[in-house]
Amino acid sequence: METPTAANGGNPGKKKRSWKKLLLWLFLLILLFSLVFHFTSSLLFRKTEAGHLKFITPTVAQFRHEIAVRGDISSSENQDIKCRVRSTGGVMITWVVDEGTEVKEGDTIAVLDNSTLIDNLDAQQIKVAQSEAEVKAAENNLLTAKIAKEEYENGSYKVNLQKLVSAQIKAKEERDRLAEYLQHSKILYEKGFVTQSQLEADIFSLKQAELTLRAAELDIYVLKEYTHNKQTNNYESDIKTADANLSSKKSVHLQNETKLKDIQQQIEYCTIKSPSDGKVLYVNETNRFGSSEFLVCQGAMVRERQTFLRLPNSNKLQVTADIHEGKISYVKVGQSVQVHTDATGDKIIQGTVIKVDENPQPTNHWMGNVKEYRVTIRLENPEGILPGMTAETKILVEESQDEKLMIPTHSVFEHGGKYYCIEKKPDGTLTPITVELGHSNDKMVIVTSGGLTEKTQLVAAAFENRELISLPELAAGETSSPTIRPKNEEISGDFNGENSNSSSPQAGMKPDGEMGSDGPKFGAGEMGQNTGMPGEIPAGMNGMRPGGPRPGGPRPGGMRPGGPRPEMDKMEQNGEMSAGMGENGFPPGMDGMTPDGPKPGMGMRPGRPRPRMGENGFPSGMEGMRPGGPRPEMDKKEQNGGTQENVLSAPTL
């Protein structure tokens, strides 16, 4: 019988045991992960029990508001080394000096690939030689044309003219001779010594001589007036053609020489030398996702006009830091900054804010919609610091001259528009204590009133332990939150800081929602008695009827006899009611509810709310709500709660 082997799937018992071990290990890993998660979450999120509470006491010290942020150190004066070699796809870096190397002026710091330029140089040199030969040939043609013209003017033309003049002279002499001979023949004819035929022959010979003379004179005229001008124009045209051809050849040759010099210049640009003494820094690039897009190294491709090396001035350094949009309003130009780096140890370097960008930095993929603004800080004594280091900066926003009573921000929480701390009495009982807050930073907040002393025992992590005390019940729209929005008091002589007169983002806000001196106040004298919506109803709106308050008196909650509506409470807690209120504290479209009566056009009816109001200012079905008083049928509906429900559903518009 064949023995089963691993190749043919033998020994199924071992395979089963291996699966069991794998499942066991997986179970143990899951169990270990659960224990670790439970332990860490209990440390981070657990609610401390009464027997294991941590207590703190208020601190009396000078209040100091600082913004701590990390930044990068760079030089305010840099000499950027750019690639000046023209290319379409970039030029390869064949050699580059190590980053941080001290170089002198004129030292070679990088070499770019010039193999393509060398090939172009050889080809261009051939073109330059060819164009130079063509220029010389064109110059010879021009010279030949000029000589030909001169030869005609001083040679051929004069020779031909002389010949014609000579022929003219001979013809004239012959004519004169024949004329004299004819006169002698006539005398002899009259005396009978010459016959008639001989006389006629002499006359014919004279006429022929005169024609020959006229022909000679005409040849001279044609030579001077036509032939000479024609030949002169031809020679001048040849000269102009040769001159134009020479100019063209010279232009081509000049272009070839210029291109040759440009290629030679580009080859020189491939060897990059240091313009001054300094320390070489690489200029690497990252994309919007934070990953490296370009790293300076041997073999990297660098684009034309791209800065890839930098020679910073180490004596003029600055820190650039990005500050969250929630804190940028505190930062002002001229504020003092303390800078610390790992290289300087415990040494604190002083700095000054010299620039606050008005536009946010481009967001990357991981930041989402978070906006950050760049702040530039000048360093006063940058000894022992090098460009490229990371610095821890603390921007001083404000600092008090005298001592203030302060508590940690985690020992106070907001509940129902007021701030509470949890105090431990001498007998060990826990009681809530109401406090009023002043300025705050990330860790501490000033207590302006509340009866706290340096010996008061307060529970740390008060919000997490608020269930250990009795707090007032929350009304509709009220919440409980660990976030504090303390009042930013007017800064008087006891505070210092460059922006000490500027208010924080929560300037003028009081715990009960009342605005400070910079905003409107809704006090008891300006508000009505009815409650139920965030804040109070303005005076004149009691009962939401023109005739005055309803017989039932104020109606808490959702302003209906049956109590608050759940959907209204939910809207109030989410801030939808306050966000959508009009100028008079009512939902949009209900601003017509004035103390003297509703505006014409307010429209709600016992049925569902309509998007559009009626002509007299009321929703359809509620036209009875008029300045003269309510209609009886409307009062009946209101007492039954029907109209109130429809009024409360209006914000859903």
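The values are calculated or read from the model by the stated rules, or taken from the named source; none is laboratory data. Everything numeric in this text was worked out from a predicted model, so none of it was measured. Glycine gets a Cβ as well: all are built from the backbone with ideal geometry, and neighbour counts include every protein chain shown. Protein only, heavy atoms only, side chains kept; ligands, DNA and RNA dropped before computing areas. Shrake-Rupley method; radii C 1.70, N 1.55, O 1.52, S 1.80 Å.
Does residue 454 qualify as being under 29 Å from residue 67 (Cα atoms), open to solvent by 70 Å² or more (accessible area, probe 1.4 Å), in a strand (DSSP E or B) and out of contact with any Lys or Arg (no Cβ under 7 Å at 6 or more places or on another chain)?
For residue 454, the condition - under 29 Å from residue 67 (Cα atoms), open to solvent by 70 Å² or more (accessible area, probe 1.4 Å), in a strand (DSSP E or B) and out of contact with any Lys or Arg (no Cβ under 7 Å at 6 or more places or on another chain) - is not met.
The number of residues in segment 80-125 being open to solvent by 30 Å² or more (accessible area, probe 1.4 Å), over 13 Å from residue 308 (Cβ atoms), of a type outside the set (A, V, I, L, M, F, W, C) and outside any loop (DSSP other than H, G, I, E, B) comes to 9. Of all residues in segment 69-79, those satisfying the criterion of being closer than 30 Å to residue 325 by Cα, assigned to a strand (DSSP E or B) and open to solvent by 40 Å² or more (accessible area, probe 1.4 Å) are 70, 72, 78.
The set of residues from segment 239-287 being more than 25 Å from residue 88 (Cα to Cα) and basic (Lys, Arg) comprises 240, 249, 250, 279. Of the set (1) touching a residue at least 40 places away in the same chain (Cβ under 8 Å); (2) open to solvent by less than 70 Å² (accessible area, probe 1.4 Å), all apply to residue 172 but (2). Among the residues in segment 345-354, are any within 21 Å of the chain's Cα centre (by Cα), modelled with pLDDT of 90 or more, closer than 18 Å to residue 73 by Cβ and surrounded by fewer than 16 Cβ atoms within 10 Å (Cβ to Cβ)? Checked against the condition, which is being within 21 Å of the chain's Cα centre (by Cα), modelled with pLDDT of 90 or more, closer than 18 Å to residue 73 by Cβ and surrounded by fewer than 16 Cβ atoms within 10 Å (Cβ to Cβ), segment 345-354 yields at least one hit. Pairing each residue of segment 192-207 that is without any contact (Cβ under 8 Å) to a residue 60 or more places away in the chain with any residue that is open to solvent by less than 40 Å² (accessible area, probe 1.4 Å) and among the small types (Gly, Ala, Ser), provided the two are 6+ apart or on different chains, yields C-beta distances under 7 Å for 194/185; 198/185; 199/185; 202/185; 206/179.
Quick one: would you say residue 403 is part of a strand (DSSP E or B), closer than 30 Å to residue 475 by Cβ and open to solvent by 60 Å² or more (accessible area, probe 1.4 Å)? No.
Taken over segment 231-286, the residue count meeting the criterion of being assigned to a strand (DSSP E or B) and either hydroxyl-bearing (Ser, Thr, Tyr) or touching a Leu at 6+ places or on another chain (Cβ under 9 Å) (or both) is 8. With the structure loaded, tell me whether residue 467 is under 48 Å from the mean Cα position of the chain (by Cα) and either outside any loop (DSSP other than H, G, I, E, B) or within 23 Å of residue 330 (Cα to Cα) (or both) or whether it fails that test. Taking the combined requirement at face value, the residue does not satisfy it.
For segment 299-319, a residue qualifies if it is open to solvent by less than 50 Å² (accessible area, probe 1.4 Å), more than 13 Å from residue 102 (Cα to Cα) and either in contact with a Ser or Thr (Cβ under 7 Å, 6 or more places away or on another chain) or among the aromatic types (Phe, Trp, Tyr) (or both), and the qualifying residues are 308, 317, 318, 319.
Of the residues that sit in segment 132-158 and are of a type in the set (S, T, N, Q) and over 16 Å from residue 243 (Cα atoms), which one is least open to solvent (accessible area, probe 1.4 Å)? Only one residue fits best here, namely 156. Once segment 188-201 is narrowed to residues that are part of a helix (DSSP H, G or I) and touching a Phe, Trp or Tyr at 6+ places or on another chain (Cβ under 9 Å), the residue that is farthest from residue 212 (Cα to Cα) is 196. In segment 288-328, of all residues being modelled with pLDDT of 90 or more and among the polar types (S, T, N, Q), the one that is nearest to residue 89 (Cα to Cα) corresponds to 306. Given 211, 161, which one is assigned to a helix (DSSP H, G or I), surrounded by fewer than 14 Cβ atoms within 10 Å (Cβ to Cβ) and not aromatic (Phe, Trp, Tyr)? Of the residues listed, the single one that is assigned to a helix (DSSP H, G or I), surrounded by fewer than 14 Cβ atoms within 10 Å (Cβ to Cβ) and not aromatic (Phe, Trp, Tyr) is 211. Within segment 324-335, can one find any residue that is touching a residue at least 12 places away in the same chain (Cβ under 8 Å), surrounded by 15 or more Cβ atoms within 10 Å (Cβ to Cβ), farther than 13 Å from residue 397 by Cβ and not aliphatic (A, V, I, L, M)? Scanning segment 324-335 turns up no residue that is touching a residue at least 12 places away in the same chain (Cβ under 8 Å), surrounded by 15 or more Cβ atoms within 10 Å (Cβ to Cβ), farther than 13 Å from residue 397 by Cβ and not aliphatic (A, V, I, L, M).
Every condition in (1) open to solvent by 60 Å² or more (accessible area, probe 1.4 Å); (2) of a type outside the set (Asp, Glu); (3) farther than 30 Å from residue 395 by Cβ; (4) in contact with a strand residue (DSSP E or B) (Cβ under 6 Å, 6 or more places away or on another chain) holds for residue 261 except the one numbered (4).
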